[in-house]
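The structure appears below as structure tokens.
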Amino acid sequence: MTDSPARVLSADELDVLELTLGGALPPSALVAALQDGPTGAAPNDAPTDVVLTDAENTPLARLTARPGEAPAVEPLKPLAAAIGPQWDAAVRRPAREVRASLGGGPGASVGLLVTEVPTREESDAAVALASGGATAPGRSTVPDGAAPGTVLLLVPVARRAPEPGVVGAPGLVRAAQGLAGTLTERTGARVTTVVVPWSGPADPSLDEVAAAYGAARVERLAAHRSPATAERVAALPGVRDEAVRALYPPASAAELARAASGAHRRGAVVFFTGLSGSGKSTVARALAAELEDDGLGTTLLDGDEVRQHLSKGLGFDRASRETNVERIGYVAALVARHGGIAVAAPIAPFAAGRARVRALAEEAGAHFVLVHVSTPLEVCEARDRKGFYARARAGEIAEFTGISSPYEEPDDADLVIDTTDVPVPEAVEQVRRHLLALLD
């Protein structure tokens, strides 16, 4: 493909790349993000000719940025998607496509930024804005005789997981889609919901990105939240404590608070195993996102990412592979010991290594679910997104599982899934149902 150096992008940098490829940001913004990023080049050391990859080392784009020339980005392979409403192709559309669909008429669209779950007050404000009215916090009116226009509901979501207790990307998109239905019903406006991959770079601003999607005028719905409503929203976490204090005398209330703070759910380790290209990482990532959306604290331990950090420096001989798998199992068991859910997706080719991970999980008192993603070698090789099989066949990669190193198929898997015939959403739902039945 190329002899250019590779740069593994973080989740935030992948957001910037997606915006750049979609026409919402110029390539110079991507260069700036990579200069400031935590990996690869040092600050102020701009990449000149580099292949940008995801954590699975899939080449996504080539960035060329030479002195005296405008930087350029050439797409190589599609960015990996997952499941959930924020990945629906109907809403996650490139900026240039959204802009073209609006027809480009002057003032054709108002862009409403949905950065938080809208309150009733913000829903009313959105109705007024969609109808051409001006609003102020606490006041929302639809002007008499106002003609409905085109409304862009822009939902900024990041690839990285949200802070605990914060509504994540799936929930924010569902809330926005509910708001879209309200706007259509109450104003007759043409409403387009658009997911914007956004991790918060300061320059350019989110308003400028919204304009790149075709918004002639941009309004942040959260700015139409009155101080009184903001205060009530901020107080929500303490509502239960206040109710307990009202119902119980101090000593009893203190015991209830103590019990709530010490509540502990039995944790779980969901361990995927399968050949490279089998689809295990894709299913694991989607499962982790679904479990987070269910309100379950979930940690994803992807095989390639662990290799770059926890197991950096290990080779691919049998002893190194076993050490890598055991490290993953140890961290997963720590997560599960404290009531969390660990989702791991290494190749884990050897039965002894998988047995060790099971033992670590059980020693931690956790549920253990072994998922064998049994996609056949010929299918994995045909997919070959990373080009590894071709290189292994050519003798460029030694000890490659399935080609020059064995894969011991598990005979103790709790679930066996072949992604040749099973779509990712169905595979995720199979594992999710099995796990939730254990957690009940």
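Below is a table of values for the structure above.
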| read-out | value |
| --- | --- |
| Ratio of Rg to Rh over region 202-320 (Cα coordinates, Kirkwood Rh, two decimals) | 1.15 |
| Contour excess over end-to-end distance, with Cα ends at Glu396 and Thr184 and 0.36 nm allotted per residue | 70.6 nm |
| Heavy-atom accessible surface of region 242-352: percent carbon and sulfur, 1.4 Å | 56 |
| Rounded to the nearest 10 Å², the accessible area of Thr299 at probe 1.4 Å | 50 |
| Peptides 374-382, 176-184 ordered by average Cβ neighbours within 10 Å, highest first | 176-184, 374-382 |
| Longest to shortest principal axis, alpha-carbon extents of region 154-244, angstrom | 49, 34, 25 |
| Candidates Lys386, Lys312, Lys280, ranked by Gaussian network fluctuation over the chain, Cα under 10 Å, top entry | Lys312 |
| Listed residues Glu56, Glu326, Glu242 arranged by accessible area, highest first, probe 1.4 Å | Glu242, Glu326, Glu56 |
| Exposure ranking of His372, His309 by accessible area [1.4 Å probe, largest first] | His309, His372 |
| Heavy atoms of Arg385 accessible to a 1.4 Å probe, total area in Å² rounded to 10 | 90 |
| Vicinal HN-Hα couplings computed from phi for region 120-132 (Karplus, 6.51 cos²θ - 1.76 cosθ + 1.60; Hz; Gly/Pro x) | 4, 4, 6, 4, 5, 5, 4, 4, 5, 5, 5, 8, x |
| Label-zone membership for region 176-199, site Val166, 7 angstrom Cα→C-beta point, backbone N under 16 Å | 196-199 |
| Inter-site label distance for Thr420 and Asp384 at 7 Å from Cα along Cβ, in nm | 1.7 |
| Whole-percent carbon and sulfur share, accessible surface of region 368-408, 1.4 Å | 52 |
| Sequence of Ser311, Ser205 when ordered by accessible area, the most exposed leading, probe 1.4 angstrom | Ser205, Ser311 |
| Derived scalar couplings ³J(HN,Hα) [region 76-89; Karplus, 6.51 cos²θ - 1.76 cosθ + 1.60; whole Hz; x for Gly, Pro] | 10, 9, x, 5, 5, 10, 10, 10, x, x, 6, 9, 5, 4 |
| Placed amide H near Thr193: partners under 5 Å, 5+ positions off or other chain | Leu153 |
| Region 328-400 - Rg (one decimal) and Dmax (whole number), Cα, Å | 15.7, 46 |
| FRET efficiency for His338 and Ala90, using Cβ-Cβ distance with R0 set to 51 Å, rounded to 0.05 | 0.85 |
| Residues whose placed amide H lies under 5 Å from that of Leu52, excluding near-sequence neighbours | Arg7, Leu60, Ala61, Arg62, Leu63 |
| Among beta bridges that DSSP assigns inside the chain, antiparallel share in %, nearest 5 | 20 |
| Largest-first principal axis extents of the Cα set of the chain (Å) | 74, 72, 43 |
| For the chain: accessible area per residue (Å², 1.4 Å) | 47 |
| Qualifying lysines (Cα of each under 18 Å from Cα of Lys77; at least 8 residues distant if same chain) | Lys386 |
| Ratio of Rg to Rh over region 302-360 (Cα coordinates, Kirkwood Rh, two decimals) | 0.95 |
| Mean shadow area of region 249-309 over all directions, Cα convex hull, nm² | 6.2 |
| Gaussian network model of the chain, springs between alpha carbon atoms under 10 Å - residue of Pro75, Pro94, Pro346 with greatest fluctuation | Pro75 |
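The values are calculated or read from the model by the stated rules, or taken from the named source; none is laboratory data. For clarity, every value in this text was computed on a predicted model and none was experimentally measured. Ideal geometry is used to build each Cβ from the backbone, glycine not excepted, and the neighbour counts take in all protein chains shown. All accessible areas refer to the heavy atoms of the entire protein, side chains included, with ligands and DNA or RNA removed. Shrake-Rupley method; radii C 1.70, N 1.55, O 1.52, S 1.80 Å.
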